[in-house]
1. Please list, ordered by first then second residue, the pairs with beta carbon atoms under 8 Å, 6 or more apart or interchain, first in region 15-26 and farther than 17 Å from residue 92 by Cβ, second among the aliphatic types (A, V, I, L, M) and loosely packed, with under 13 Cβ neighbours inside 10 Å.
2. Tally up the residues in region 43-59 that are touching a residue at least 24 places away in the same chain (Cβ under 8 Å) and exposed (fewer than 15 other Cβ atoms within 10 Å of the Cβ), please.
3. Inspect all residues belonging to region 126-147 and state whether any of them is at pLDDT 90 or above and closer than 27 Å to residue 20 by Cα.
4. Please go through region 60-97 and pick out each residue that is in contact with a helix residue (DSSP H, G or I) (Cβ under 7 Å, 6 or more places away or on another chain) and surrounded by fewer than 18 Cβ atoms within 10 Å (Cβ to Cβ).
5. Take region 104-140 and flag every residue that is at positive phi and part of a helix (DSSP H, G or I).
6. Restricting to region 13-27, name every residue that is surrounded by 12 or more Cβ atoms within 10 Å (Cβ to Cβ) and not acidic (Asp, Glu).
7. Within region 65-97, can you find the residues that are over 14 Å from residue 129 (Cα atoms) and either of a type in the set (Gly, Ala, Ser) or without any contact (Cβ under 8 Å) to a residue 24 or more places away in the chain (or both)?
Amino acid sequence: MLQTNQILTSSIRAELYPFQVEKITRQVNDFILSNKESEECSFEICPKCGAVHPRLTKAGFTAAGKQMLRCHECGKRFVIDHGELTYYSHQSQAKWDDLILETPNGNSMKETAVKINVHETTAFRMRHKYLHSLEQTVYPLCTERCD
């Protein structure tokens, strides 16, 4: 990960508040991590048509900056994290990682939101999605409430 002094010059850093410098550093590191993840992706099965070992090409980016791929079997596009916890999320993987670490600690929504630099409502929705995915892994066959 890049350090603040590698990203900003000392004169620019002097004119910014500490939280702004931290936010810029976090965003640059998120972009670098996102680029590395997009280079390492591979799909054994197309999530849209189910083709085994599909021929995929890069097909642009979403508004959130996630890499999209196009399956040549069905012609449909999908994002790299299709079917993952971060699917349909505008937040970076680093923020999800921080949220996952904060959840078992029992910290309040406000504390978690400040730590991962999102609004409280966003933190609530992220935590809800995370807890729901945990529930699905523990009780995958339950369609109703399991007692």
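The values are calculated or read from the model by the stated rules, or taken from the named source; none is laboratory data. Since this is a predicted model, take the numbers as computed values, not measurements. Positions of Cβ are backbone-derived with ideal geometry, glycine not excepted, and every protein chain shown enters the neighbour counts.
1. Note: no pairs meet the criteria.
2. The qualifying residues number 1.
3. There is at least one residue in region 126-147 that is at pLDDT 90 or above and closer than 27 Å to residue 20 by Cα.
4. 65, 85, 93, 94
5. none
6. Across region 13-27, the qualifying residues are 13, 16, 20, 21, 23, 24, 25, 26, 27.
7. If the condition is that a residue be over 14 Å from residue 129 (Cα atoms) and either of a type in the set (Gly, Ala, Ser) or without any contact (Cβ under 8 Å) to a residue 24 or more places away in the chain (or both), then 65, 68, 70, 72, 75, 77, 79, 81, 92, 94 are the ones that fit.
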